Every structure is written in structure tokens, then in C-alpha cells.
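I am attaching a structure below and will ask some questions about it afterwards.
Since every read-out is calculated from the coordinates, none of them should be taken as a lab result. Keep in mind it's a predicted model, so treat the numbers as computed, not measured. Cβ placement follows ideal geometry from the backbone for every residue including glycine, while neighbour counts extend to all protein chains displayed.
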Amino acid sequence: MNCLSQIQAITAKLTPRLIDIRRHFHAHPELSGQEQQTAAYVAGVLSSLGLRVQEGVGRTGVVGELPGLEADRPPIALRTDMDALPVEERTGLPFASVQPGLMHACGHDVHTTVGLGTAMVLAELAASGEHSLPGTVRFLFQPAEEIAQGAQWMVDAGAMAGVEAIFGVHVFPSIPVGQVGIRYGALTAAADDLEITIKGESGHGARPHEAIDAIWIAAQVITALQQAISRTQNPLRPVVLTIGQISGGRAANVIADEVKLRGTVRSLHRETHGQLPQWIENIVDQVCKTYGATYDLTYRRLVPGVHNDRRLTQLVERSALAALGSDRVQSLAEPSLGAEDFAMYLSHTPGTLMRLGVGFSDRPNYPLHHSQFDVDEGAIAVGVITLATTLCQYWQDYS
């Protein structure tokens with residue numbers, strides 16, 4: 001890791017500026033697909049570093065390329081995301097969101113800052129001539145991760161053309177600041193959208209036998225699905241099905257003739273993931289037939305699971321061990337049933353996603369998407385050093 005000492009020195013010099021950048025992003029959050037001001041700021045920083053910059057990639061995405069010495073080598077990529085959430089911030093921070101009802105409650109302000117910091121460090125290394133990279137590094141600043149569409153937008157716009165490896169990072173409040181989390185294989189779940197419309201027949205609330213009660217049948221469908229998971233799905237291959245929205249009915253004394261259910265389905269194993277649409281429809285069909293109802297069912301694949309490449313995960317782990325020390329690198333025992341559209345890039349090239357610890361040691365740590373979510377800003381330098389070392393080391397290990 002002969003570039004490590006320089007990376008550490010440059011990062012230490014840049015850290016005050018990076019904290020200011022993160023606070024700017026935090027105060028000015030933008031929703032998925034609306035990241036125009038964030039993208040303009042990112043593009044300005046990348047241009048000032050001398051990178052080749054493309055704006056409007058995947059709608060509001062930005063791509064910056066740091067050229068390597070050998071033009072014929074395929075590029076490697078680092079992806080960070082930029083969008084915020086429709087959450088009202090209640091942190092009380094002096095740099096809290098100035099946009100009512102919007103907040104960086106998932107750490108994408110940190111991700112974007114780490115991406116810029118990594119570009120700054122590698123650009124300075126290249127300018128010095130001491131550690132110029134053999135190949136090109138492509139920095140992807142992605143929109144719309146929170147709605148699981150931005151990665152596909154970027155892919156469709158050609159952002160992955162020729163890329164032979166991709167790296168990513170996501171903050172994790174349960175990991176203390178100063179540490180990173182590494183996991184081989186499955187890291188996140190596949191996430192799918194489910195919509196079911198139960199169709200019955202309306203009637204008087206006092207004479208249910210003359211109607212087909214769509215609300216009651218919808219309740220049976222929900223119960224049957226939840227019970228069937230525990231009895232028909234392999235408990236070692238977890239499935240989570242959550243119905244998060246129910247709508248139907250017109251009046252308290254009228255039996256509803258239609259109810260809409262909307263939910264999310266999460267799974268970790270590819271075989272299980274492939275079987276779920278038919279498994280769900282069979283249960284819905286049986287319940288509805290039993291009570292005389294009909295139904296419409298829409299099952300939409302959203303994103304597959306993130307499965308980290310072993311070779312690239314080993315590289316991140318070695319880089320983190322060298323940069324941070326053995327007591328600062330966690331091997332994550334369990335995957336998450338959360339979803340990440342980083343998985344869309346992995347259908348085009350091998351990659352790995354790292355967890356970045358942002359947990360405070362002296363105050364409560366709120367979960368992602370919470371209105372009081374905050375990060376220990378010491379994590380920014382940790383993320384930059386780890387990722388810059390990984391990218392610098394890539395060609396030494398795999399050229």
C-alpha cells in the first residue's frame with residue numbers, strides 16, 4: 001500500500017473542507033430525480049480538479065473521469081448517491097435542512113462528500129506524478145437511489161460502458177465511527193413491489209350475507225400470506241412481506257366492493273426470489289375463490305439483491321486493514337433486508353459495497369430514515385482514505 005501515507009496526508013489536509021461540503025449538502029437536500037443544485041455543485045468541484053465531467057447523465061446524475069496513464073485499460077468506478085428523503089428534520093443542527101419536509105436522513109450527503117473527497121485525493125496524487133493511476137477512475141454521482149430507479153437511469157445513459165469493477169459505500173449508524181463493515185456475498189435483499197386489488201360486491205352493512213365483503217377478504221389475504229411464510233418458506237431463506245397501504249370502502253354502513261393493498265416483498269436468495277410472484281398469487285387466488293371474490297395482482301421487480309464480489313471485497317478489506325487497523329474492520333455476520341439499487345450495476349460488472357460506520361460514542365444513534373438521524377463527521381475521512389486506498393491499490397493487485 002505504497003500510496004497510503006500520501007492518501008492519509010492529503011485527506012487530513014482536505015477534511016475541514018469536506019466537512020463544510022457535507023454540511024452544505026445536508027442543509028440543501030433535494031428529492032429523487034430533482035438533484036439539480038447538488039449535481040451542479042458536484043460538477044463544479046470535479047471540473048476544478050481537472051476531471052472530464054458529464055452532467056445530466058441519467059437525468060440529474062454526474063460522471064467524472066480521472067484519466068489513467070494507459071488509455072486502453074478498462075475503467076473502474078466508484079458510485080455515490082445524492083438524493084434526500086421526504087422527512088421533516090428534527091436534529092436541531094445549525095446546518096439542518098432549510099427545505100421544509102426534506103432531509104438527508106439516509107446519509108447521502110456523506111456519500112456524495114466521500115465521493116468528492118476520493119476524487120480530490122486521487123487527482124492530487126495524479127498531479128504529483130508520484131502515484132499516477134495506470135487506468136481511469138470513473139466517479140458516478142447517482143440520483144434517485146431512494147426510489148430505486150437512479151442506478152438504472154445511469155446504466156441506460158451509458159455510465160457503465162466498459163467498466164470492469166465498481167465500488168460503493170453506504171453509511172451505517174450501528175457501526176461506530178472510525179470503522180467500516182465488510183461482507184462477502186449477500187449484503188442486501190431483493191426488493192419488489194406488490195399491489196393487489198380485491199374485488200367483491202357491495203351491500204348493506206347489516207346484511208353481509210348478501211354481499212361479498214372485500215375488506216374482510218383482504219384481511220384474510222393478508223393473514224394467509226403472513227401465516228404461509230412461516231409454514232411454506234424455508235426459514236433459513238428469509239422472506240419479508242409487508243402490506244404498508246390499504247384503501248377501500250365508501251361508508252361505515254356499506255360493505256366495500258373493492259380494496260387495494262400495496263406492499264413490499266424482500267428476499268435474500270435468488271431461487272426464492274424467482275418463486276415469490278407465483279407463490280403469492282396462488283395464495284391470493286385460493287382465498288378469493290373460497291369467498292367468491294376476484295382480484296387483480298401486479299408484482300413488479302424493483303431491484304435485485306446486492307451480492308458482493310469476493311475478489312473485490314478482499315481488496316476493500318485489505319485496504320481498510322492497512323489504512324485503519326485490524327480493530328477497525330468489521331466482518332458483517334448478517335445481510336440486511338434493506339434494498340440498494342447498487343445491485344443494478346452488478347448485473348454489468350463485478351462490484352462490492354462497503355458499510356461506513358457513522359455511529360456516535362457519546363449520544364444516541366438514530367436509524368436511517370429517522371427525523372433525528374445524524375452522523376459523526378469523522379466518518380468522512382475514514383471513507384475517503386479507505387476508498388482512495390482501494391482504488392489506488394486495484395491495479396497493483398489485478399493488473
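For the range 122-135, check the following and say yes or no: at least one residue is over 15 Å from residue 66 (Cβ atoms) and buried (at least 21 other Cβ atoms within 10 Å of the Cβ).
Looking for residues that are over 15 Å from residue 66 (Cβ atoms) and buried (at least 21 other Cβ atoms within 10 Å of the Cβ), one finds none in the range 122-135, hence no.
Among 147, 198, which is surrounded by fewer than 18 Cβ atoms within 10 Å (Cβ to Cβ), out of contact with any Lys or Arg (no Cβ under 6 Å at 6 or more places or on another chain) and closer than 30 Å to residue 237 by Cβ?
The match here is 147.
Oh, and also: Filter the range 16-53 down to residues that are buried (at least 17 other Cβ atoms within 10 Å of the Cβ) and not aliphatic (A, V, I, L, M), then give me how many there are.
13
Could you check the range 204-217 and list, in sequence order, the residues that are surrounded by fewer than 19 Cβ atoms within 10 Å (Cβ to Cβ) and either within 20 Å of residue 246 (Cα to Cα) or of a type in the set (Phe, Trp, Tyr) (or both)?
Scanning the range 204-217 gives 205, 215, 216.
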